[in-house]
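Only one structure is covered here, and it is reproduced in the block below.
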Amino acid sequence: MNLRRDFEDRDDLAAYLREQFPYAEGGVSPFVGGRAAAEEHLQKFDPARYAATRNFLDGAVSRLSPYIRHGVVTLREVLERFGGRRHYKFVQELAWRDYWQRIYQEIGDGVWEDREPSKTGVSYTADLPINWGRTGLACMDSFVEELETTGYLHNHARMWLAAYLVHWRRVAWQTGARWFLRHLVDGDPASNNLSWQWVASTFSGKPYFFNRENLERYTASKYCSTCSRKQDCPFDKSYAALSQELFQL
Ligand SMILES: Cc1cc2nc3c(=O)[nH]c(=O)nc-3n(C[C@H](O)[C@H](O)[C@H](O)COP(=O)(O)OP(=O)(O)OC[C@H]3O[C@@H](n4cnc5c(N)ncnc54)[C@H](O)[C@@H]3O)c2cc1C
């Protein structure tokens, strides 16, 4: 199939893609492909603010993942440009990608299998919940919408959403991983699946979960302040209480 390569502008490209792929879910990602766009991201990135702010949704993260994932920028280039002792936290995050890739080279499709037994003592269902994206929880519904329309989510939002699906909704991590890969513009079976396994506890010593205080802190309460379920928030408990409720330890 010969696809058109010249477009008047991005809207023209988006309209053409919608016409050619009518069954594709979500919208056209705001991430623009190619080296020039990657260069803009490289120019904008401020590694000095990274360590202190990276966990906040509005923190100084690079948003380079789609370009790294598709080989527009290499990890080595990013490391050479921004690495060094002062930016150790950023280097550490680049190292996670490298680590997951090395495991993938060794085990291939084994990334779809539990690397270790789960530590939660809980059993899981295979399907996404029927109200997925319409739970009434402003945070989770917004993350679902953002992922489906932009193809990108901040790392902390990925962690919260994955933990919610696996630990609160008791859905198998593979189902979540498959759904993420359908939407992420940086979707990568190594980083994605092994991160889901880290959340689920099949590739880590304990499950990752969070509470409302943690989510409010890193989002400046922007979801909780308007949430219709703020009086009935499943995350509004201490870690000890949540651990008892969620896991059979
Ligand atoms: C459930 C879940 C699924 C994920 N799926 C993917 C995926 O499919 N593809 C993907 O590239 N990343 C994935 N990540 C890792 C991480 O969320 C993204 O790499 C990061 O959010 C991309 O944003 P950024 O470029 O601004 O990252 P920055 O924080 O600016 O980091 C710079 C680069 O380092 C790498 N990196 C950073 N954090 C991680 C990490 N925890 N694991 C691996 N590499 C990292 C990425 O290449 C990233 O572009 C996932 C994380 C979770 C929790």
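Since every read-out is calculated from the coordinates, none of them should be taken as a lab result. Since this is a predicted model, take the numbers as computed values, not measurements. Note that we place each Cβ from the backbone using ideal geometry, even for glycine, and neighbour counts take in every protein chain shown.
Numbers at a glance
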{"quantity": "Cut-off under 5 Å, modelled amide H: who pairs with L184 long-range", "calculated": "none"}
{"quantity": "Under 27 Å from the Cα of K206 - lysines, other chains or at least 8 residues apart", "calculated": "K89, K119, K237"}
{"quantity": "Calculated from backbone phi, Karplus (6.51, -1.76, 1.60) coupling profile of the stretch 97-110 in Hz, x at Gly/Pro", "calculated": "4, 4, 4, 4, 5, 5, 5, 4, 4, 7, 10, x, 5, x"}
{"quantity": "Integer Hz, Karplus 6.51/-1.76/1.60 couplings in order for the stretch 196-204, x for Gly and Pro", "calculated": "4, 5, 5, 5, 6, 5, 9, 8, 6"}
{"quantity": "Candidates L194, L17, L153, ranked by Gaussian network fluctuation over the chain, Cα under 10 Å, top entry", "calculated": "L17"}
{"quantity": "Value of relative contact order over the chain, rounded to a whole percent, pairs C-alpha under 8 Å and six or more apart", "calculated": "22 percent"}
{"quantity": "Choice from F21, F209, F82 with maximal GNM fluctuation in the chain (Cα, 10 Å cutoff)", "calculated": "F21"}
{"quantity": "Helix 173-183 axis, angle to the chain major axis (alpha carbon atoms, nearest 10°)", "calculated": "30 degrees"}
{"quantity": "Mean separation of Cα contacts under 8 Å, 6 or more apart, over the residue count of the stretch 138-246: relative contact order %", "calculated": "26 percent"}
{"quantity": "Rounded FRET efficiency, nearest 0.05, which uses the C-beta distance separating Q248 from Y208 and R0 of 22 Å", "calculated": "0.85"}
{"quantity": "Relative exposure of Y67, Y88, judged by other C-beta atoms within 10 Å (fewest first)", "calculated": "Y88, Y67"}
{"quantity": "Cα gyration tensor shape for the stretch 138-246, rounded if a/c is under 1.5, else prolate or oblate", "calculated": "oblate"}
{"quantity": "Amide proton proximity set for V171, modelled H, under 5 Å, gap of 5+", "calculated": "T125, V166"}
{"quantity": "Three-way shape label, the stretch 28-109, alpha-carbon gyration tensor, a/c 1.5", "calculated": "oblate"}
{"quantity": "Per-residue ³J(HN,Hα) for the stretch 136-150, Karplus 6.51 cos²θ - 1.76 cosθ + 1.60, θ = phi - 60°, Hz, x for Gly and Pro", "calculated": "x, 7, 4, 5, 5, 5, 5, 5, 4, 5, 4, 5, 5, 9, 10"}
{"quantity": "Gain on full stretching of the segment that runs from R115 to E146 - 0.36 nm per residue minus C-alpha separation", "calculated": "8.2 nm"}
{"quantity": "Residues in the stretch 158-201 that a label on T125 would reach, taking backbone N under 11 Å of a point 7 Å out along Cα→Cβ", "calculated": "169-172"}
{"quantity": "Percent RCO, i.e. relative contact order, over the stretch 28-109, from Cα pairs under 8 Å lying at least 6 residues apart", "calculated": "27 percent"}
{"quantity": "In nm, spacing of pseudo-spin labels at Q231 and R182 (7 Å Cα→C-beta vector)", "calculated": "3.5 nm"}
{"quantity": "For the stretch 174-249 and the stretch 52-126, distance of Cα centres in Å", "calculated": "17 Å"}
{"quantity": "Signed unit charges on C-beta, dipole axis of the chain, positive-most listed residue V199, G133, L153", "calculated": "V199"}
